[in-house]
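This report refers to the structure that appears directly beneath it.
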Amino acid sequence: MKNRLKVLRAERDWTQAKLAEELDVSRQTINAIETGKFEPHLPLAFKVARLFDVLIEDVFQDEVNS
Amino acid sequence: MKKTNTETKTNKAYSKGRVSEAKVVYWGLAWVLATAGAAFGPELLWGYGTLMTSVAVATQLALGFGMIWAFKGVLLAMDDLQRLIQLEAISLALGVGIVVGISYELLEDVKLITFEPEISHLIILIGLTYLFGLFLGNRHYR
């Protein structure tokens, strides 16, 4: 699964630590999602979409369909 | 200096995790003390009285379950990735513990070792494997 978390974060000029604070997770989690090592569960994925005010599929894309 | 909303939120999450961890430490210390009481009390304190020994063992068991319950609180306070790292480390420790534990026990049965296998050796192995698993997980997901 691909994601645009790093792009969305960069658009707001946020650090990983700042995004981690906003999502109430560790900075390690943000880094692991951005590097594709970890795929978040649905509640966190929805939280990300809500935070950036976008659809969940605007953040996370299934590589099979892309 | 006035705290921002973000700082307050982070401190709340941080505090929640710290409180859960502190609970495990307190339950763990109580369990260690109760284990020492159940192990040495019968000989040193109450001369193998059945009632006192039963109470000591029951207390030790109850505190042990309390410690497990407190650890569950720590897991629930973690985020998804931290919980995954814990799951992988605990799975590794359990697997190694079972496989090596059975082989270790077998060694005495087939006369490859002359001493009786100790449960404490197994607990040390499980503990070290768990720590190694945490190290591997944190390194992989850093």
Estimated dipole of segment B:79-142 in Debye, rounded to 20 [Cβ of Lys and Arg +1, of Asp and Glu -1, Cα centre]: 320
Global form of chain B, assessed from the alpha-carbon gyration tensor, a/c cut-off 1.5: oblate
Cα-centred dipole magnitude for the protein assembly as shown, charges only on beta-carbon of K, R (+1) and D, E (-1), debye, nearest 20: 940
Averaged over A:30-38, number of beta-carbon atoms from partner chains that fall within 10 Å: 3
Gained length - residue A:62 relative to residue A:47, 0.36 nm times residue gap less alpha-carbon distance: 3.6 nm
Cα gyration tensor shape for the protein assembly as shown, rounded if a/c is under 1.5, else prolate or oblate: oblate
Anchor residue A:2: aspartates and glutamates whose Cα lies under 16 Å away (excluding residues fewer than 8 positions away in-chain): A:34, A:39, A:57, A:58, A:62, A:63
Per-residue average of Cβ from other chains inside 10 Å of B:78-86: 6
Set A:18/B:72; A:37/B:23; A:18/A:47; A:6/A:37; A:6/A:47 screened for pairs whose C-alpha atoms are more than 20 Å apart: A:18/B:72; A:37/B:23
When the convex hull of its Cα atoms is projected in every direction, mean area for segment B:79-142 (nm²): 4.6
Selection from B:40, B:70, B:20 lying farthest towards where the dipole of chain B points positive, charges on Cβ: B:20
Global geometry of segment A:1-60, whether rounded, prolate or oblate, following the gyration tensor of its Cα atoms and the 1.5 cut on a/c: rounded
Mean projection area, nm², convex hull over Cα of segment B:26-108: 7.5
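A short reminder: the numbers here are calculations on the coordinates, not readings from a lab. Since the model is a prediction, treat every value here as computed from it, not as a measurement. Quick reminder, even Gly has a Cβ in these numbers, built from the backbone with ideal geometry, and neighbours come from all protein chains shown.
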